[in-house]
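Visitor: The structure is given below, and queries will be raised subsequently.
The values are calculated or read from the model by the stated rules, or taken from the named source; none is laboratory data. None of the values given here were measured: they were computed from a predicted structure. All Cβ positions, even for glycine, are placed from backbone atoms using ideal geometry, and neighbour counts span all protein chains on display. To get the accessible areas, we keep the full protein, side chains included, count just its heavy atoms, and leave off ligands, DNA and RNA. Shrake-Rupley method; radii C 1.70, N 1.55, O 1.52, S 1.80 Å.
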Amino acid sequence: MYVLIDNFSLYAKGFFGTVQLTIYASLLALVLGFLMASFRVAPVRSLRVLGTLWVTVLRNTPLTLLFFAVLLGLPRFGLVLPFQLFAVIALGCYTSAFICEALRAGINTVHKGQGEAARSLGMNFGQTLNNVVLPQAFRSVIPPIGSTLIALAKNSAIAGAFSVTELLGTYKPLSELGYNIIWTFVWIAVGYLIITLTISALFHVLEKRYGVAR
């Protein structure tokens, strides 16, 4: 217990760093995931190809490699940003591919007749998607999106290796100070557990309120 008490400020800084990283990366992942899911089902072939390419590349690229590409590659093109922002971009883009596929699966559960009825009323693709298809699809994809964002929170630990303040990175200074490594990681695990259980509880509430009755 003394490991936590003696270094509470250090743990708190890492914990809130992970929370901040998770929130910002989740927002980016949801926006990009929605956009790419729209591209994947769009009637325009070039958009479908772009959406498919985005998902295929990111889902089959190791996250650590993506971190290297973003943190070391983008500055070569003149884009110099804080490391935390680079980490948000890497995490958000990577997770957006999985959000996209979850949303696309939900869209496929909506009967084609719904879209045809909307088009018969004069709605265009965007109106049909936003007003008819997605509200129904969202109800069926709440659990998989929740699971994906929980995975994002745990994947944020990789950011610590790139000089980003986050929870897992607290073990380095504590190890140098001679604290018991086992208890150091126990309290780190507790921090991640708090974050993941909070996300799980949030999506449980959303599923209970908006999810499809089973």
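Visitor: Say R0 is 45 Å: what FRET efficiency, to the nearest 0.05, do Phe16 and Thr109 get from their beta-carbon distance?
Guide: 0.75
Visitor: May I ask you to give the percent of accessible area on region 49-135 that is carbon plus sulfur, with a probe radius of 1.4 Å?
Guide: Of the solvent-accessible surface of region 49-135, carbon and sulfur hold 65 percent.
Visitor: What is the Cα centroid distance between region 156-172 and region 68-95, reported in whole angstrom?
Guide: Going from one Cα centre to the other spans 15 Å.
Visitor: Further question: Once a ≥ b ≥ c are taken as the square roots of the eigenvalues of the Cα gyration tensor of the chain, is the result rounded (a/c under 1.5), prolate (a/b larger than b/c) or oblate (a/b not larger than b/c)?
Guide: Oblate, because a/c is 1.5 or more while a/b does not exceed b/c.
Visitor: Continuing with the same structure: Under 25 °C and 0.890 mPa s, how fast does region 71-178 diffuse according to Stokes-Einstein, given a Kirkwood radius computed over C-alpha pairs? Answer in µm²/s, whole number.
Guide: Translational diffusion coefficient: 144 µm²/s.
Visitor: Sticking with this one: Counting only complete DSSP H runs, which helices of the chain cover 20 Å or more along their long axis at the Cα atoms and score a mean Kyte-Doolittle of 1.0 or above?
Guide: 8-40, 83-109, 181-210
Visitor: Evaluate E = 1/(1 + (r/R0)^6) for Ala69 and Phe185, where r is the Cβ-Cβ distance and R0 equals 30 Å; express this FRET efficiency to the nearest 0.05.
Guide: 0.55
Visitor: Next question, about the same structure. Taking K and R as +1 and D and E as -1, what net charge do the other residues with C-beta under 15 Å from the C-beta of Arg40 add up to?
Guide: Taking every Cβ under 15 Å from that of Arg40, the sum is +3.
Visitor: Quick check on the chain: helices-only [θ] at 222 nm, where DSSP H runs of length 4 and up contribute -39,500 (n - 2.57) each and the sum goes over total residues. Nearest 500, please.
Guide: So the helix-based figure for the chain works out to -24000 deg cm²/dmol.
Visitor: Which sequence of Ile150, Ile194 reflects their accessible areas, 1.4 Å probe, from the largest down?
Guide: From most accessible down to least: Ile194, Ile150.
Visitor: Let me ask you something else. For region 1-134, what does the accessible surface come to per residue with a 1.4 Å probe? Please give it in Å².
Guide: 56
Visitor: Give the shape of region 3-104 as rounded, prolate or oblate, defined through the alpha-carbon gyration tensor: a ≥ b ≥ c are the square roots of its eigenvalues, a/c under 1.5 means rounded, and otherwise the shape is prolate if a/b is larger than b/c and oblate if not.
Guide: prolate
Visitor: Put +1 on the Cβ of every Lys and Arg and -1 on every Asp and Glu Cβ in region 1-159; which of Phe77, Ala12, Ala25 then has its Cα farthest towards the positive end of the dipole?
Guide: Phe77
Visitor: Quick check on region 120-214: take the gyration tensor over C-alpha atoms, sort the square-rooted eigenvalues as a ≥ b ≥ c, and tell me if it's rounded (a/c under 1.5), prolate or oblate.
Guide: Note, shape of region 120-214 comes out prolate.
Visitor: Could I ask something else about it? Taking R0 as 22 Å, what's the FRET efficiency between Asn124 and Ser46 from their Cβ-Cβ distance, rounded to 0.05?
Guide: Given R0 = 22 Å and the Cβ-Cβ separation, E is 0.80.
Visitor: Moving on to the next point. Given a 1.4 Å probe and the protein chains all in place, what does the accessible area of Phe8 round to, in Å² to the nearest 10?
Guide: Probe radius 1.4 Å; accessible area of Phe8 about 130 Å².
Visitor: Same structure, new question: Please compute the length gained on full extension between Ser9 and Ile194, using 0.36 nm multiplied by the number of residues separating them and subtracting their Cα-Cα distance.
Guide: Roughly 64.9 nm would be gained on extension.
Visitor: Let me ask something additional. Can you give me the relative contact order of region 1-134 as a percent, contacts being Cα pairs under 8 Å and 6 or more apart?
Guide: 32
Visitor: To the nearest 20 debye, what is the magnitude of the charge dipole of the chain about its Cα centre, counting +1 on the Cβ of each Lys and Arg and -1 on the Cβ of each Asp and Glu?
Guide: Dipole size: approximately 740 debye.
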